[in-house]
Amino acid sequence: MRILVTGTAGFIGSHVAHQLLDRGDEVIGVDNVNDYYDVSLKEARLARLTARDGFTEVREDIADREKMAETFREFAPARVVHLAAQAGVRYSIENPHAYVDANLVGFINILEGCRHNGVEHLVYASSSSVYGGNETMPFSVHDNVDHPLSLYAASKKANELMAHTYSHLYRLPTTGLRFFTVYGPWGRPDMALFIFTKRILEGEPIDVFNHGHHKRDFTYIDDIVEGVVRTLDNVATPNPEWTGVTPDSGTSNAPYRLYNIGSNNPVELSRFIEVLEECLGRKAEKNYLPMQPGDVPATYADVQDLIDDVGYRPETPVETGIKRFVDWYRNFYGV
Ligand SMILES: NC(=O)c1ccc[n+]([C@@H]2O[C@H](COP(=O)([O-])OP(=O)(O)OC[C@H]3O[C@@H](n4cnc5c(N)ncnc54)[C@H](O)[C@@H]3O)[C@@H](O)[C@H]2O)c1
């Protein structure tokens, strides 16, 4: 199958592209390789992809309406995995416009490309951050999520709403995946595991927000990739039981689905750091700090729908996942 994947210079997108190529799909990879974080890491991820048969790189901004329309016309992909976005909760406090450009303007360009080119299924990245002020655990896609705490979260929730209108109006099958704190080899330099590893190895102190009491449903990259690919193969369909009298948020009478992908096993930040210290064979010097604006104290994913519909539950324990990250980091940076 010919699959257009956006965000292929990114952490999750590069892994998804490799998995699709491994099974014989053709991948059109769209990314603008922006400098939100270290461009050389993005180029290194891309270099491993462009060296493979079946991968075509398209370097462009998804917010560029004409170019995106042209890319869809030229490659006519059967299915689309949309992972390009301006990510990061904290950055959205200082840089709100970046989220509107990449996550809202970019997203409408993806929807329009799918609509006008007969795409069979659009799978796109949402985020656990949409749960915002919700406190009922585990978080369920059937709960209402109308209280985002950051513009990043609001942009992801907006994507789900925009997708629904296209599923309704044009019968475009769409599936939104709410990712829960993804980590692993080739991970993001703006995320805790990467920052902690770098600083500990440099003998620098680490900032531990919320005094280490945060709980996160940390999800290992291979589990995420497996979930993305299985979901891509499982084209969204209408839920025959859906009713507007008691509207279920996770499904619809249109071909529209939402799933959580999390490990269903929240781990406290302090434990996560302890495992990292064991893997590095060094103790961290810790600056304990209060919670940051826009952050939530805990995330915990109900993944029953994912198990029921695609037969898959993420289950790599942090002890295994962190070790693999550290092995990659030491090897890649030669430390
Ligand atoms: N990593 C996580 O823990 C996590 C959690 C929840 C949701 N997500 C979502 O998953 C997706 C992938 O995240 P990731 O961790 O791989 O992030 P990433 O930043 O590593 O990858 C995103 C890629 O998109 C590209 N990009 C950004 N804006 C673009 C634009 N306007 N045009 C073209 N390319 C653009 C970037 O250059 C980058 O390579 C994102 O949508 C993110 O919001 C990630």
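The values are calculated or read from the model by the stated rules, or taken from the named source; none is laboratory data. Here the structure is a predicted model, which is why all the values come from computation and not from measurement. For neighbour counting, all protein chains shown are included, and Cβ atoms are generated from backbone atoms with ideal geometry for every residue, glycine included.
Kindly establish whether Pro96 is away from the ligand (no atom under 13 Å from the Cβ) and without any contact (Cβ under 8 Å) to a residue 60 or more places away in the chain.
For Pro96, the condition - away from the ligand (no atom under 13 Å from the Cβ) and without any contact (Cβ under 8 Å) to a residue 60 or more places away in the chain - is met.
Any residue at all in the range 162-182 that's free of Cβ contacts under 8 Å to residues at least 40 places away in the same chain, within 12 Å of the ligand (Cβ to nearest atom) and under 21 Å from Tyr300 (Cβ atoms)?
No, the conditions are met nowhere in the range 162-182.
Residue pairs, Cβ under 8 Å, 6 or more apart or interchain, first in the range 109-136 and closer than 17 Å to Gly176 by Cβ and within 13 Å of the ligand (Cβ to nearest atom), second assigned to a loop (DSSP other than H, G, I, E, B) and among the polar types (S, T, N, Q). List them.
Close Cβ pairs (under 8 Å, with a partner that is assigned to a loop (DSSP other than H, G, I, E, B) and among the polar types (S, T, N, Q)) amount to Ser128/Thr181; Ser128/Thr299; Ser129/Ser150; Tyr131/Thr299.
Could you tell me how many of the residues in the range 151-194 are within 13 Å of the chain's Cα centre (by Cα) and among the aliphatic types (A, V, I, L, M)?
4
Condition check: out of contact with any Gly (no Cβ under 8 Å at 6 or more places or on another chain), crowded, with 18+ Cβ neighbours inside 10 Å and within 22 Å of Pro266 (Cβ to Cβ). Does Gly184 satisfy that?
So Gly184 fails the test.
Quick check on Val123: is it in contact with a Lys or Arg (Cβ under 6 Å, 6 or more places away or on another chain) and either buried (at least 24 other Cβ atoms within 10 Å of the Cβ) or at pLDDT below 95 (or both)?
No: the conditions fail for Val123.
Cβ contacts < 8 Å: first residue touching a residue at least 24 places away in the same chain (Cβ under 8 Å), restricted to the range 288-299; second residue acidic (Asp, Glu) and surrounded by 15 or more Cβ atoms within 10 Å (Cβ to Cβ), any location; separation 6+ or different chain. Result?
Correct list of pairs: Thr299/Asp217.
Scanning the range 187-196 for residues that are crowded, with 20+ Cβ neighbours inside 10 Å and more than 19 Å from Glu43 (Cα to Cα), which turns out farthest from the ligand (Cβ to nearest atom)?
Applying the filter and picking the extreme gives Phe196.
Between a first residue in the range 22-41 that is in a helix (DSSP H, G or I) and a second residue that is within 12 Å of the ligand (Cβ to nearest atom), which pairs have beta carbons less than 7 Å apart while being 6 or more apart in sequence or on different chains?
Pairs that qualify, where the first residue is in a helix (DSSP H, G or I) and the partner is within 12 Å of the ligand (Cβ to nearest atom), are Val39/Val33; Leu41/Pro189.
Please note which helices (runs of 4 or more DSSP H) are completely contained in the range 233-335 and include at least 1 residues that are of a type in the set (Asp, Glu) and surrounded by 13 or more Cβ atoms within 10 Å (Cβ to Cβ).
In the range 233-335, the matching helices (runs of 4 or more DSSP H) lie at 269-280, 304-310.
With free of Cβ contacts under 8 Å to residues at least 60 places away in the same chain, within 15 Å of the ligand (Cβ to nearest atom) and either among the β-branched types (Val, Ile, Thr) or on the phi > 0 side of the Ramachandran plot (or both) as the only criterion, which of Val89, Val81, Val58 stands out?
One residue alone meets the criteria, Val58.
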